Amino acid sequence: MWEHDKVRSESEPTGLYLRRGHWVVPIGDGIVTQLRVDFAFTLCIGTEISIRIESPFTVVRAGVRSAHNGEDVRSLGDLLTLHQQRVQELLIREDGLLTIEFADGALLQVPPDAHYEAFNVVGSFPQIEGQFSFYALPGGGLARF
């Protein structure tokens, strides 16, 4: 990431910043420490960030795209390899698209859902006071608390 790509908000005590229309969550070398499955698919990065995916999503690895859905556990089996992966970048667009890029080149994307909250991202950083949360709105868009 180039320094001139960053547009920092002075009022952001959480450490988040905007870059080319994306909220960037500065995770450093965050490692996926937990994967959870219930009626959604959740990735935990360290102990600080939880990403709960509640709608269909895709993963692209080595040019191969696969579709997944947290409500269909059979579609999630090959995602166990995400455990202990390093997250290179976590981007959240204002239109409700979530993109997670992993160090091995895998790309996970969650598009907006027409009827439901597609995902939420909740977290905080120990060195920075304050928590953050993003919720994808039904039909597109983003709520931030």
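The values are calculated or read from the model by the stated rules, or taken from the named source; none is laboratory data. Because the structure is a prediction, the values reported are computed rather than measured. Neighbour counts are summed over all protein chains in view; Cβ atoms, including those assigned to glycine, are modelled from backbone coordinates with ideal geometry.
Within segment 132-145, restricting attention to residues that are touching a Gly at 6+ places or on another chain (Cβ under 7 Å) and in a strand (DSSP E or B), which residue is surrounded by the most Cβ atoms within 10 Å (Cβ to Cβ)?
Among those that are touching a Gly at 6+ places or on another chain (Cβ under 7 Å) and in a strand (DSSP E or B), it is Ala136.
As an exercise: evaluate Arg65 against (1) surrounded by 13 or more Cβ atoms within 10 Å (Cβ to Cβ); (2) at pLDDT 95 or above and give the number of the one condition it does not meet.
That leaves (1) as the condition not met.
Contact list please: Cβ distance under 9 Å, first residue in segment 123-138 and at pLDDT below 95 and of a type in the set (S, T, N, Q), second residue assigned to a loop (DSSP other than H, G, I, E, B) and surrounded by 15 or more Cβ atoms within 10 Å (Cβ to Cβ), pairs at least six apart or on different chains.
Taking only residues 6 or more apart or on different chains, the pairs are Ser124/Thr14; Ser124/Glu48; Gln127/Gly15; Gln131/Thr14.
Residue check: is Gly70 more than 16 Å from Cys44 (Cα to Cα) and assigned to a loop (DSSP other than H, G, I, E, B)?
No, not satisfied.
Can you run down the residue pairs with Cβ atoms below 7 Å, 6 or more apart or on separate chains, where the first is in segment 6-30 and at pLDDT below 65 and assigned to a loop (DSSP other than H, G, I, E, B) and the partner is loosely packed, with under 11 Cβ neighbours inside 10 Å and not basic (Lys, Arg)?
Listed pairs, sorted by first residue: Pro13/Glu129.
For the condition touching a residue at least 60 places away in the same chain (Cβ under 8 Å), in contact with a Leu (Cβ under 7 Å, 6 or more places away or on another chain) and surrounded by fewer than 19 Cβ atoms within 10 Å (Cβ to Cβ), what is the one hit in Glu89, Glu94?
None of the others qualify; the one that does is Glu94.
Quick test of your reading of the structure: Asp104 fulfils all but one of (1) closer than 24 Å to Gly139 by Cβ; (2) exposed (fewer than 14 other Cβ atoms within 10 Å of the Cβ). Name the failing condition by number.
(1)
Could you check how many residues of segment 55-87 are among the small types (Gly, Ala, Ser) and within 18 Å of the chain's Cα centre (by Cα)?
Summing the residues that are among the small types (Gly, Ala, Ser) and within 18 Å of the chain's Cα centre (by Cα) in segment 55-87 gives 4.
So, restricting to strands (runs of 3 or more DSSP E) that lie completely within segment 79-118, which ones have at least 1 residues that are charged (D, E, K, R)?
Ranges flagged: 87-93, 98-102.
So is Arg65 assigned to a strand (DSSP E or B), of a type in the set (D, E, K, R) and without any contact (Cβ under 8 Å) to a residue 12 or more places away in the chain or not?
In short, yes.
Being crowded, with 17+ Cβ neighbours inside 10 Å, more than 20 Å from Glu117 (Cβ to Cβ) and in contact with a Gly (Cβ under 9 Å, 6 or more places away or on another chain) is true for just one of Ile31, Ile27. Which residue is that?
Selected residue: Ile27, the only one of Ile31, Ile27 that is crowded, with 17+ Cβ neighbours inside 10 Å, more than 20 Å from Glu117 (Cβ to Cβ) and in contact with a Gly (Cβ under 9 Å, 6 or more places away or on another chain).
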